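Enquirer: Structure below; questions to follow.
The values are calculated or read from the model by the stated rules, or taken from the named source; none is laboratory data. All of these numbers come straight from a predicted model, not from anything done at the bench. Cβ placement follows ideal geometry from the backbone for every residue including glycine, while neighbour counts extend to all protein chains displayed.
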């Protein structure tokens with residue numbers, strides 16, 4: 001029985017494993033019925049082989065499903081990372097800088113261009129982006145984020161833009177255009 005589970009785990013393909021598992025069940029039943037002592041409980045022997053076959057196929061199918069979904073998730077993740085990397089690279093070519101924010105509007109990745117614009121050498125990773133805004137633009141920024149997040153983006157339209165000022169070194173105002 002252990003060999004059957006090992007075969008199911010190694011092949012990982014239930015459709016490939018099914019005929020071999022059936023063949024092993026039939027072979028085991030043949031050996032049981034043709035043994036020197038015969039089978040004392042033939043119904044139990046058939047039931048037992050059915051249970052082993054069912055559990056082996058269920059285990060094989062579960063393992064196959066888990067492995068396939070894991071591989072699929074890894075491909076989707078790598079595709080998303082590649083798309084994000086390409087998009088950020090394109091933005092660097094046409095903009096002075098780009099910043100990736102998380103869902104709490106905190107700076108998600110280290111952005112040298114933002115440090116350069118703000119004329120600072122401090123690490124901005126994890127810092128709230130709203131802390132970098134000039135106080136006069138804070139409410140305008142919040143409204144912009146609420147309206148752009150609430151509206152559904154159309155594929156053929158320009159992304160919404162907002163002009164605000166960031167606070168640089170020595171509280172200097174640095175005008176920037178934000179796209180969301």
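Enquirer: Just one of 148, 109 is surrounded by 10 or more Cβ atoms within 10 Å (Cβ to Cβ) and not in a loop (DSSP other than H, G, I, E, B); which is it?
Expert: Among 148, 109, only 148 is surrounded by 10 or more Cβ atoms within 10 Å (Cβ to Cβ) and not in a loop (DSSP other than H, G, I, E, B).
Enquirer: Got a number for residues in the range 18-58 being over 19 Å from residue 6 (Cβ atoms), exposed (fewer than 12 other Cβ atoms within 10 Å of the Cβ) and at pLDDT 90 or above?
Expert: 1
Enquirer: Determine which member of the set 76, 125 is assigned to a loop (DSSP other than H, G, I, E, B), out of contact with any helix residue (DSSP H, G or I) (no Cβ under 8 Å at 6 or more places or on another chain) and either at pLDDT 75 or above or exposed (fewer than 13 other Cβ atoms within 10 Å of the Cβ) (or both).
Expert: Exactly one of 76, 125 is assigned to a loop (DSSP other than H, G, I, E, B), out of contact with any helix residue (DSSP H, G or I) (no Cβ under 8 Å at 6 or more places or on another chain) and either at pLDDT 75 or above or exposed (fewer than 13 other Cβ atoms within 10 Å of the Cβ) (or both), namely 125.
Enquirer: Would you confirm, using the coordinates I've provided, whether residue 61 is modelled with pLDDT of 90 or more, farther than 30 Å from residue 145 by Cβ and not assigned by TED's automatic domain parsing to the domain that holds residue 171?
Expert: Against the criterion (modelled with pLDDT of 90 or more, farther than 30 Å from residue 145 by Cβ and not assigned by TED's automatic domain parsing to the domain that holds residue 171), residue 61 qualifies.
Quick grid of which residues meet (1) over 26 Å from residue 8 (Cα atoms); (2) in a helix (DSSP H, G or I); (3) more than 23 Å from the chain's Cα centre (by Cα); (4) without any contact (Cβ under 8 Å) to a residue 60 or more places away in the chain:
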| site | (1), (2), (3), (4) |
| --- | --- |
| 37 | yes, no, yes, yes |
| 45 | no, yes, yes, yes |
| 53 | no, yes, yes, yes |
| 66 | no, yes, no, yes |
| 72 | no, yes, no, yes |
| 91 | yes, yes, yes, yes |
| 104 | yes, no, no, yes |
| 117 | yes, yes, yes, yes |
